[in-house]
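A short worksheet on the structure shown next.
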Amino acid sequence: MGKTEMEPAALTFADLTTGCAVAIEIVAKDGEEEAVGQALEALIAPSMAEPGMKLFLPCRSPTDPKSFFIFELYQDETGRAAHEATTHFAAFVETTLPRIAARRLVPYMPFITSGA
């Protein structure tokens, strides 16, 4: 059975410690924080439906509503490239980038391979 909104797939330790991770920090422009938050929320379902996506987790700072953090975990670099080629990602970039004051993207690779 595949991932659905009704029955999310359970991630194992092995799922979380393999692949390609990306951490993204976003700061919305003044007055744009709700629009950025809504755009990120709209990106969850189509991103999680991608075969190469393990986890798409947008978070918002409880102390600064303009600050967002997105954690993305892909099967591999191919999954990441596929995500960046989707129409929903392109639409997000086109409509949301002008609302963002600052952004920082840092790729990571899991390095712990056993659940000690």
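The values are calculated or read from the model by the stated rules, or taken from the named source; none is laboratory data. Nothing here was measured: the structure is a model prediction, and the numbers come from that model. A quick note on method: Cβ atoms are made from the backbone with ideal geometry, for glycine too, and the neighbour counts reach across all protein chains shown.
I'm trying to understand the selection: among the residues of segment 63-116, which are under 25 Å from Thr17 (Cβ atoms), touching a residue at least 60 places away in the same chain (Cβ under 8 Å), surrounded by 11 or more Cβ atoms within 10 Å (Cβ to Cβ) and under 14 Å from the mean Cα position of the chain (by Cα)?
Scanning segment 63-116 gives Gly79, Arg80, Leu105, Pro107, Tyr108.
All but one of (1) assigned to a helix (DSSP H, G or I); (2) farther than 13 Å from Ile24 by Cβ hold for Pro65, so report the exception by its number.
(1)
In segment 62-82, which residues are within 26 Å of Glu33 (Cα to Cα) and either in contact with a strand residue (DSSP E or B) (Cβ under 6 Å, 6 or more places away or on another chain) or polar (S, T, N, Q) (or both)? Quick ask: steps written out before the conclusion?
Applying the first criterion (within 26 Å of Glu33 (Cα to Cα)) to segment 62-82 yields 62-73, 80.
Listed by number, the residues that qualify are Thr63, Lys66, Ser67, Phe68, Phe69, Ile70, Phe71, Glu72, Leu73, Arg80.
Scan segment 68-87 for residues that are part of a strand (DSSP E or B) and hydrophobic (A, V, I, L, M, F, W, C) and report the count. Don't jump to the end; show me each part of the working.
From segment 68-87, those part of a strand (DSSP E or B) are 68-74; that's our starting set.
Okay, now just the ones that are also hydrophobic (A, V, I, L, M, F, W, C), so 68-71, 73.
Residues that pass the stated criteria total 5.
Out of all the residues in segment 6-46, which are more than 28 Å from Lys66 (Cα to Cα) and either at pLDDT 95 or above or part of a loop (DSSP other than H, G, I, E, B) (or both)?
Of everything in segment 6-46, those that are more than 28 Å from Lys66 (Cα to Cα) and either at pLDDT 95 or above or part of a loop (DSSP other than H, G, I, E, B) (or both) turn out to be Met6, Glu7, Pro8, Ala9, Ala10, Leu11, Thr12, Thr17, Thr18, Gly19.
Take the conditions among the small types (Gly, Ala, Ser), part of a helix (DSSP H, G or I) and over 21 Å from Val106 (Cα atoms) and apply them to Ala90. Does it pass? Please lay out each step first, then the result.
Working: among the small types (Gly, Ala, Ser): yes; part of a helix (DSSP H, G or I): yes; over 21 Å from Val106 (Cα atoms): no.
No; evaluated as a whole, the condition is false for this residue.
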